[in-house]
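*Asks:* Quick one: structure below, then a few questions.
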Amino acid sequence: MANMAVSRIKREFKEVLRSEEIAQCSIKLELVNDCFTELRGEIAGPPDTPYEFGTFLLEIHVPETYPFNPPKVKFLTKIWHPNISSVTGAICLDILKDNWAAAMTLRTVLLSLQALLASPEPDDPQDAVVASQYKENFEMFCRTAKHWTNSYAKGPHKFPDFDTKIQRLKDMGVSEFDARAALSRHNWDLNRATEQLFS
Amino acid sequence: MSSSTSNPLPDVEPQASTSESSEYKPQQSTQYSFKPSPENSKTSTKADFTDDEEKKDDSMYVCNICLDIAKDAVVSMCGHLYCWPCLNTWLETRPTRQLCPVCKAAISKEKVIPLYGRNSDKQQDPRSKVPPRPQGQRTEPDPNTGFQGFQSFNGADGGFHLSFGIGAFPFGFFASSFNFNDMRPSARAPQHQQGTPQFEEDQFLSKVFLWVALFFFSWLILAEA
Ligand SMILES: [Zn+2]
Ligand SMILES: [Zn+2]
């Protein structure tokens, strides 16, 4: 039975390879080790979202009990999204927890994550700060998410005003990520971000 | 489930890959990259994949869980095909939420239908730990006459002997001999009878016959007196 996880992953590779999404460069899957337990996924940001043109890397761990239990997946690429932790990349998605079904595959997981990028669920958040910004200041959320996509996922949208503020904090000795996170959390209010960082 | 990590694949050589995993680069365009391992292991891996490919294309009867051709095949009421060992493991993994892995319809062990191909015996799965696959349920053809019960009883048991001692008669007799399950040429295994519609029906019939027989006996006693 232990080999089932391995033989499943082998077959799933073929499924992903044959899939249309590969042809469209929308998802990717790679092996990291020869035991077929560690994989790297990649999804393209869906069109008409702040993540458009971005490329997001995922760490996938396949448990020995796969496919009876879901793979453990998290974002390696930093992302600003209500259901994904901006710090750890942890994902809040039902199919990766209780709603997992043994017939699901890594391909359906990647496609579900892509769907999650297109339709966040702020009422079931992983990152509460992002979720409240999404609900209360949607425009600010979109700009911030685009900025993160540009900074970490090769997205095209640059925001010079954001970069200036980050540089100000970096000049004070704050790391770039901490500066970006603090500013994002405070709707790019430099004073409040500074307060949080130095309090 | 024993460990899969400590058991290297026969076709892929184990390899210290921790250093390589850290040097992953997103720019690499290889979507399907095995680690550069010694030549022979790599080619054998490829051969293995082509074998799988042919096998899979041979048949549409692929288990929805292991993605291999279904062994000891069962089909759920919603029509989804599985190996019995695969489905059994899935149901045991989530005892409280018994859902079809494909369509999430409610399913249960009692309500899956086994599929018997012509040579299905040869496909028997060697994993002995798995409980036996549920048996097929046979329904007898509809009886033609209303008083079928006694006919079939006589036919199967070589006669309904009324010379039976009246004193020894009452209920033990019916409990032991009036067992319709034993008379049917049924493929069912005893442990799966409880709770099936067939079982309920038999119970009901037994009760009816008990009362009919009681009436018959009282009539005999009255007639003799
Ligand atoms: Zn199976
Ligand atoms: Zn189903």
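The values are calculated or read from the model by the stated rules, or taken from the named source; none is laboratory data. The shown structure was predicted, so the numbers you read here are calculated from the model rather than taken from an experiment. For neighbour counting, all protein chains shown are included, and Cβ atoms are generated from backbone atoms with ideal geometry for every residue, glycine included. With ligands, DNA and RNA removed, areas are computed over all heavy atoms of the protein, side chains included. Shrake-Rupley method; radii C 1.70, N 1.55, O 1.52, S 1.80 Å.
*Asks:* How large is the Kirkwood hydrodynamic radius of chain A, counting all unique pairs of alpha carbons, in Å? Provide the component values of the computation, followed by the final result.
*Replies:* Working: mean 1/r = 0.0562 Å⁻¹.
Computed over Cα pairs of chain A, the Kirkwood hydrodynamic radius comes out at 17.8 Å.
*Asks:* Let me ask you something else. Take A:Ser199 and B:Ser108, extend 7 Å from each Cα along the Cα→Cβ direction, and tell me the distance between the two endpoints in nm.
*Replies:* 5.6 nm
*Asks:* Among A:His186, A:Asn150, A:Phe198, whose Cα sits farthest toward the positive end of the charge dipole of region A:128-198 (+1 at Cβ of Lys/Arg, -1 at Cβ of Asp/Glu, about the Cα centre)?
*Replies:* Farthest towards the positive end: A:Asn150.
*Asks:* What ranking do A:187-195, A:4-12 get when scored by the average of other Cβ atoms within 10 Å per residue, highest first?
*Replies:* For the peptides A:187-195, A:4-12, the packing ranking is A:4-12, A:187-195.
*Asks:* Then there's this: Send over a whole-number figure in Å² for the accessible area per residue of region A:119-161, probe 1.4 Å.
*Replies:* Values: 2320 Å² over 43 residues.
Value returned for region A:119-161: 54 Å² of accessible area per residue.
*Asks:* Filter the cross-link list A:Lys97/B:Lys104; A:Lys135/A:Lys158; A:Lys28/A:Lys74; A:Lys78/A:Lys158; A:Lys78/A:Lys154; B:Lys71/B:Lys109 down to pairs whose alpha-carbon distance in this structure exceeds 19 Å.
*Replies:* A:Lys135/A:Lys158
*Asks:* Give, ordered by residue number, each residue of region B:63-83 whose 1.4 Å probe accessible area is reduced by a minimum of 40 Å² on adding the remaining protein chains to the chain alone.
*Replies:* Relative to the lone chain, where solvent access is computed with a 1.4 Å probe, region B:63-83 loses at least 40 Å² at B:Ile65, B:Cys66, B:Leu67.
*Asks:* Next question. Could you tell me the calculated FRET efficiency between A:Val129 and A:Lys14, based on Cβ-Cβ distance and R0 = 56 angstrom, to the nearest 0.05?
*Replies:* E between A:Val129 and A:Lys14, to the nearest 0.05, is 0.85.
*Asks:* Also: Using a Förster distance of 30 angstrom, determine the FRET efficiency expected from the C-beta separation of A:Thr88 and A:Glu139, and round it to 0.05.
*Replies:* On the way: r = 26 Å, r/R0 = 0.88.
It comes to 0.70.
*Asks:* Given H placed on each backbone N at 1.01 Å, which residues far from B:Ala73 in sequence or on other chains put an amide H within less than 5 Å of it?
*Replies:* Here B:Trp84, B:Leu115 satisfy the definition.
*Asks:* Enumerate the amide H contacts of A:Glu38 below 5 Å, restricted to partners 5 or more residues apart or on another chain; note that Pro and chain-start residues carry no placed amide H.
*Replies:* A:Val32, A:Asn33, A:Val62
*Asks:* A:Thr108 to B:Leu205: FRET efficiency via 1/(1 + (r/R0)^6), r the Cβ-Cβ distance, R0 45 Å, to the nearest 0.05?
*Replies:* Numbers: r = 48 Å, r/R0 = 1.08.
With R0 = 45 Å, the Cβ-Cβ based efficiency is 0.40.
*Asks:* Compute the normalised compactness of region A:3-118: alpha-carbon radius of gyration over 2.2 N^0.38 Å, N being the residue count.
*Replies:* Against the empirical 2.2 N^0.38 Å value, I get 1.00 for region A:3-118.
*Asks:* Follow-up question, since we're still on this one. What average count of beta carbons from other chains do you get within 10 Å of the Cβ of residues in A:93-106?
*Replies:* 4
*Asks:* For region A:128-198, compute the orientation-averaged projected area of the C-alpha convex hull (one quarter of its surface), in nm². Walk me through the numbers before you get to the answer.
*Replies:* Numbers: hull surface 18.2 nm².
Hull-based average projected area comes out at 4.5 nm².
*Asks:* Let me ask something else about it. Please sort A:41-52, B:207-218 by packing, taking for each peptide the average over its residues of neighbouring beta carbons within 10 angstrom, highest first.
*Replies:* By packing density, highest mean first, the sequence is A:41-52, B:207-218.
*Asks:* Could you please state how large a percent of the accessible area of region A:138-199 is carbon and sulfur, counting protein chains only and using a 1.4 Å probe?
*Replies:* C and S fraction of accessible area: 49 percent.
*Asks:* While we're here: From the backbone phi of region A:112-123, what are the Karplus-calculated ³J(HN,Hα) couplings (6.51 cos²θ - 1.76 cosθ + 1.60, θ = phi - 60°) in whole Hz, Gly and Pro given as x?
*Replies:* Result, ordered by residue: 5, 5, 4, 5, 5, 5, 6, 9, x, 10, x, 7 Hz.
*Asks:* How much accessible area per residue does region A:26-89 have, counting only protein heavy atoms and a probe of 1.4 Å, in square angstrom?
*Replies:* 28 Å²
*Asks:* Still on this structure: Just to be sure I understand the model, the point goes 7 Å from the Cα along the line to the Cβ. What's the resulting B:Ala223 to A:Leu190 distance in nm?
*Replies:* Going from the B:Ala223 label point to the A:Leu190 one covers 11.3 nm.
*Asks:* Summed for both chains, how many Å² of accessible area, to the nearest 100, are buried between B and A with a 1.4 Å probe? Please list the in-between numbers first.
*Replies:* Details: alone 16680 and 10250 Å², together 22720 Å².
Interface area, both chains combined: 4200 Å², rounded to the nearest 100.
*Asks:* Whole number in Å², please: accessible area per residue of region B:59-123, 1.4 Å probe, ligands, DNA and RNA not counted.
*Replies:* On the way: 3420 Å² over 65 residues.
Dividing the accessible area of region B:59-123 by its residue count gives 53 Å².
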